[in-house]
Structure formats: structure tokens, C-alpha cells
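The structure appears right after this line, and notes come after that.
The values are calculated or read from the model by the stated rules, or taken from the named source; none is laboratory data. Everything quoted here is computed from the prediction, not taken from an experiment. Please note: Cβ atoms are built from the backbone with ideal geometry, for glycine as well, and neighbour counts cover all protein chains shown. Protein only, heavy atoms only, side chains kept; ligands, DNA and RNA dropped before computing areas. Shrake-Rupley method; radii C 1.70, N 1.55, O 1.52, S 1.80 Å.
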Amino acid sequence: VKSEGRNNWCFYSAEMDEKLLLRMELEHDLKQAIERDEFELHFQPLLNLKTGEIVSFEALLRWRHPKRGLVSPADFIPVAEESGLIGPIGEWVLRTACRSAAAWPQPWRIAVNISPVQFRYKSLTQLVKTTLKESGLAPRRLELEITETVILNHETHNISILNAIRGLGVRIAMDDFGTGYSSLSYLRAFPFDKIKIDQSFIRDLPHDRNALSIVRAITDMAQTLGVHITAEGVETEAQLHALEALNCHEAQGYLIGRPAPGIEAYFTAVKRYV
Ligand code: C2E
Ligand code: CA
Ligand code: CA
Ligand code: CA
């Protein structure tokens, strides 16, 4: 039994070493990724359910690793956050997103994900200000998506940064709404312009009664608060119709469009979705 235990331990240890090695390698490669021009942004459309028009695109980061191919942000964003590399990477994302949007033939908004770690660099407000100026993008066309951790304990420092950025005319959206521990209390901490209902709630629409009740409660509450609602991860017509019936404002998901490197297809599209 003892030797078996030891073998087991050795097995796990080797696996852990391998994981650590992989992670160190990833961090090493990540350091050079900007200089080597390995990042790209993909854009995913957001549909206004009242007008049937595309109103906005979310910028989603992609890393084209020379050996590993396309690496998912779920795999490298945490490494970037722990190593501090999210600073320069986040700057690249914001700058590239604003420049792209400024060149679009229509005034679609651009939504950019901001990591909680980026709030630790005291220049976030300045970065947003400079980037808007340099790109020529109107502030009202920029939307920053943050997660609940940013104001987890009602951090006054982060809330004041959010207020300053919002003061520039930039919109602030709460991402992944409903996945945190006390989502509702965050709505009191800061006047969000938009709430994005996490895709885990949308997945079971329209047949799951509980999911339907929860989404209805969120949209009702948002109506009262005057906050805009986006449903994430919309994959079926049935989900889209359920969301329309609930007076949800916007929808995002594979049904409407997958994230793609170019949005030329939307330049001339008169396609109506609803
Ligand atoms: P997120 O901000 O919640 O982004 C939505 C994710 O859902 C994206 O995954 C998107 O591709 C995916 N998605 C969109 N529609 C559907 C659908 O209909 N069904 C399903 N199953 N999935 C859908 P992605 O691009 O892999 O990004 C994962 C996460 O990585 C993002 O979640 C965000 O938290 C983070 N991320 C991506 N880009 C950036 C970035 O530039 N900066 C930061 N800080 N984080 C980023
Ligand atoms: Ca997002
Ligand atoms: Ca989300
Ligand atoms: Ca997410």
C-alpha cells in the first residue's frame, strides 16, 4: 500500500512539474508575443432586438502561437494577469480596438474587456483618455466590459476609476452577470450602463422554467434601474424569441455571429435579424 501511495505521489508530482514547465514556457512566449505581432482581435456582433440592427461589436483577443496555433484567451489571460503582462497586452487590445472601430464605415460601438488587474495600474483612466484622443474614436462609441471582481468588496479606488472613465463619456458594462456571489449588490455600488447576462443562464432557455424566471427577474430589474441588458451565448432561434418576449435589449452569440477577424460582411449588410 505504501509503495503504491508513493507511486501515486510520484505520478502526480511529475504531472505537476510538467504543468509548471508548460506555464513557464507560456509566460516566456507571451512576453515576446506583442513584439512578434502574434496577437489579433476578433470581433463579435451585438444585435439590438428592438430594431434588428447590429449596434456593436465585442473585441476578443486571440494569440496565434508560432508552434501551438491559436491559443484560447481562457488559457493565456490568467498567465498574463499573474505575470503582469496584462498591462502591455491590455494596452495593445484597447489601442487596436479603438483604431479599428474608428475606421469602420458605421458608428458601431466597440466593447473591450478590461481585466481587474488593469485597475492596479493607476493610469487606466489616462490610458483610456489618450487612446480615445489618439484614435479619434468618439467616447460614446467605447464600452468597457468589467467583471464583478473589480468591485468585489466595493473597492473605492476602483469605483473612482470607473467614475472617472464614465465621466469621459465611455460606457461601463458588467460582464458575466449572475456568476458572482452577490451580483445585485454590485449594481448599487456603481451605475453600470449595461449588464451582460452570463451565457450559463441563456443556455437553458426557453424550456427551463428556473432559467426563464431568473432572466425575467434580471430584465425586469434592469428596466426599473434604467440599465441596458445584453444576453450572451445566444445560439438558437428559440432563445432569441424568448429574449425578445422578455424585452431584453441586445443579444450576442453564435446565432447572430461568431467572433471573426474581419467585419466586412456587416459593412453592406441590410440583413435584419428580428
Ligand atoms: P467573455 O468576455 O465572457 O466573452 C464571451 C466568450 O463567449 C468569448 O469566448 C466568445 O467567443 C464566447 N461566445 C460568444 N458567443 C457564444 C455562443 O453563442 N456560445 C458559446 N458557447 N460561446 C460564445 P473567448 O473569445 O474564448 O473569450 C473567453 C474570455 O476571455 C472572455 O469571456 C474574456 O473574459 C476573456 N477575454 C477575451 N478577450 C479578452 C481581452 O482582450 N482582454 C481581457 N482582459 N480578457 C479577454
Ligand atoms: Ca466580455
Ligand atoms: Ca461574458
Ligand atoms: Ca466569461
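Of note:
- For SER83, the conditions (1) among the polar types (S, T, N, Q); (2) surrounded by 13 or more Cβ atoms within 10 Å (Cβ to Cβ); (3) within 16 Å of ligand 4 (Cβ to nearest atom) all hold with the exception of (3).
- Filtered by the rule that a residue be open to solvent by 30 Å² or more (accessible area, probe 1.4 Å) and within 24 Å of PHE119 (Cα to Cα), segment 38-69 gives GLU40, LEU60, ARG62.
- The residue of segment 188-202 that is nearest to ligand 4 (Cβ to nearest atom), among those that are part of a helix (DSSP H, G or I) and out of contact with any His (no Cβ under 7 Å at 6 or more places or on another chain), is GLN199.
- Here LEU184 meets the list (1) over 22 Å from ASN153 (Cα atoms); (2) away from ligand 3 (no atom under 16 Å from the Cβ); (3) over 17 Å from the mean Cα position of the chain (by Cα) almost entirely, failing just condition (1).
- From the list THR130, THR147, the lone residue that is among the β-branched types (Val, Ile, Thr) and within 16 Å of ligand 3 (Cβ to nearest atom) is THR147.
- Residue match in segment 172-180 (condition: open to solvent by 10 Å² or more (accessible area, probe 1.4 Å), of a type outside the set (Asp, Glu) and more than 14 Å from ligand 4 (Cβ to nearest atom)): no
- Options SER83, SER72; residue that is closer than 17 Å to GLN118 by Cα and hydroxyl-bearing (Ser, Thr, Tyr): SER83
- Across segment 217-274, the qualifying residues are those that are among the aromatic types (Phe, Trp, Tyr), modelled with pLDDT under 95 and assigned to a loop (DSSP other than H, G, I, E, B), and the one among them that is least open to solvent (accessible area, probe 1.4 Å) is TYR273.
- Residue within segment 185-206 that is under 19 Å from LEU127 (Cβ atoms), touching a residue at least 40 places away in the same chain (Cβ under 8 Å) and open to solvent by 40 Å² or more (accessible area, probe 1.4 Å) present: no
- Subset of segment 119-148 [more than 26 Å from GLU53 (Cβ to Cβ) and open to solvent by less than 10 Å² (accessible area, probe 1.4 Å)]: PHE119, LEU124, VAL128, THR131
- Residue list for segment 33-72, filter: among the aliphatic types (A, V, I, L, M), away from ligand 4 (no atom under 16 Å from the Cβ) and within 13 Å of THR230 (Cα to Cα): LEU47, LEU49, ILE54, VAL55
- Subset of segment 86-113 [open to solvent by 60 Å² or more (accessible area, probe 1.4 Å), touching a helix residue (DSSP H, G or I) at 6+ places or on another chain (Cβ under 7 Å) and either of a type in the set (D, E, K, R) or under 17 Å from LEU26 (Cβ atoms) (or both)]: GLU91, ARG95, ARG99
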